[in-house]
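Working notes for the structure below.
Every number in this text was worked out from the coordinates using simple rules, so none of it is lab data. Since the structure is predicted, the reported quantities are computational estimates derived from the model, not experimental observations. Positions of Cβ are backbone-derived with ideal geometry, glycine not excepted, and every protein chain shown enters the neighbour counts.
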Amino acid sequence: MANLGFIGLGVMGGEMVNRLLAKGHSVTGYNRTRSKAEWLVRKGMKWGDSPRAVASATDVTFCMVTNSAALGAVADGPDGFLSGLRAGQLVVDMSTVSPAFSREIAAKVREKGADMVDSPVSGSVITLQEGKLSVMVAGRRETFERAKPLLLDIGPKVTYVGENGLALVMKIATNLSLAVQMLAFCEGVLLAEKGGIARATAVDVLTHSVIASPMVQYRGPFVLKMPEEAWFNVNMMQKDMLLALELGRQLDVPMPTTAVTNEFLTAARGMGLVEKDFAVVFEVLAKMSGVQA
């Protein structure tokens, strides 16, 4: 049993803590909105009043927040986790943020005599609950080996990809395909529908066809009924798409499908759909096609 901390108890972070508790670990957690974490407290999670309190009370601190600004907010300052670190501790940051900014935080962690890996994941809350999550890790190899047993308690596939920041590059390279695939799926559904095929039939055929990636299989049915709570909303997906476009600019990689798909996310924002799951690009395309979403 390890003494763990976890900062950021949203949909994914909360389910990760749930798995860690089920594996017998002691977990002290912090979330900006405490009410969202009460279900974990009832399951045995200890509450930390700040990121600093979490780091001070634990040996390994996990972090999963929304973006670079949020990571900076929980890391820096008198209440940040950096101020609570001791020599020999480990930080496992599972947020999807700028690789360059992650490297900056890792350098600050090392100034404290601790170490950090960036460890984003590939998968949804359903993938996580089913124990099928894929985890990418970057940092010093010996630090990865220390973190690996804990990460295997979260997901069965844990892959070392190289030095700090490279797991985030891999995550961004992965995530851009989610939105691009979803938009292509929506195009296929609408083409079939306007051609005279019932939408539900088109979804059934496509989600059981050769194009049915795991993402298409679990998110494709959202074009029939959107979830009440977004698994990954427009705002979060567009953050990742913008990270991808910026990396493409830096590395001279043309990203035409990413750029076009990003514009559909911008249109969704303009239509007031920012809090919806990013599968809501179907509604944007449907309106452009003259179809009732």
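Kindly state, to the nearest 0.05, the FRET efficiency for E163 paired with D252, given R0 = 22 Å and r defined as their beta-carbon distance.
0.55
Putting +1 on Lys and Arg Cβ atoms and -1 on Asp and Glu Cβ atoms, find which of A75, V135, W47 reaches farthest to the positive end of the dipole of segment 1-153.
Highest projection toward the positive end goes to W47.
If r is the Cβ-Cβ distance from A198 to M288 and R0 is 25 Å, what FRET efficiency results, to the nearest 0.05?
E(calc), rounded to 0.05, equals 0.75.
Note the full-extension length gain between K108 and K36 as 0.36 nm times their separation in residues minus their Cα-Cα distance, in nm to one decimal.
Between K108 and K36, full extension yields 23.0 nm more.
What Rg and what Dmax come out for segment 157-198 when only alpha-carbon atoms are used, in angstroms?
Here Rg and the maximum Cα pair distance are 16.9, 52 Å.
Once segment 238-286 is represented by equal point scatterers at the alpha-carbon sites, with solvent omitted, what log10 I(q)/I(0) does the Debye formula produce at q = 0.25, 0.27 Å⁻¹?
With no solvent term, the Cα-only Debye profile gives -0.87, -0.96.
What is the spin-label model distance, in nm, from A100 to E130 if the labels are put 7 Å beyond Cα along the C-beta direction?
3.8
Suppose only helical runs count, i.e. DSSP H with n ≥ 4. What mean residue ellipticity at 222 nm does that imply for the chain under -39500 (n - 2.57) per run, divided by all residues and rounded to the nearest 500 deg cm²/dmol?
Helices in the chain give a 222 nm mean residue ellipticity of -15000 deg cm²/dmol.
In cubic angstrom, how much convex hull volume per residue do the alpha carbon atoms of segment 183-257 span?
Given the Cα convex hull of segment 183-257, per-residue volume reads 113 Å³.
Report, please, the projected area of segment 149-222 averaged over directions, based on the convex hull of its C-alpha atoms, in nm².
Approximately 6.3 nm², given one-decimal rounding.
Highest mean first, how do 42-50, 6-14, 209-217 rank when packing is the count of other Cβ atoms within 10 Å averaged over residues?
6-14, 42-50, 209-217
For segment 1-114, just the Cα atoms, rotate onto the principal axes and tell me the three extents in Å, largest first.
35, 26, 23 Å, listed from the longest principal axis down.
Can you pull the semi-axes for the chain, root of five times each eigenvalue of the Cα gyration tensor, sorted largest first, whole Å?
For the chain, the ellipsoid semi-axes come out as 36, 20, 17 Å.
What ranking, highest mean first, results for peptides 53-65, 227-239 when packing means the other Cβ atoms within 10 Å averaged over each residue?
So the order, starting with the most tightly packed, is 53-65, 227-239.
Rounded to the nearest whole Å³, what is the per residue volume of the convex hull around the Cα atoms of segment 87-216?
Cα-based convex hull of segment 87-216, divided per residue, equals 103 Å³.
How big is segment 134-293 along each principal axis, measuring the range of its Cα positions in Å and listing the largest first?
Principal-axis extents of the Cα atoms in segment 134-293, largest first: 58, 33, 28 Å.
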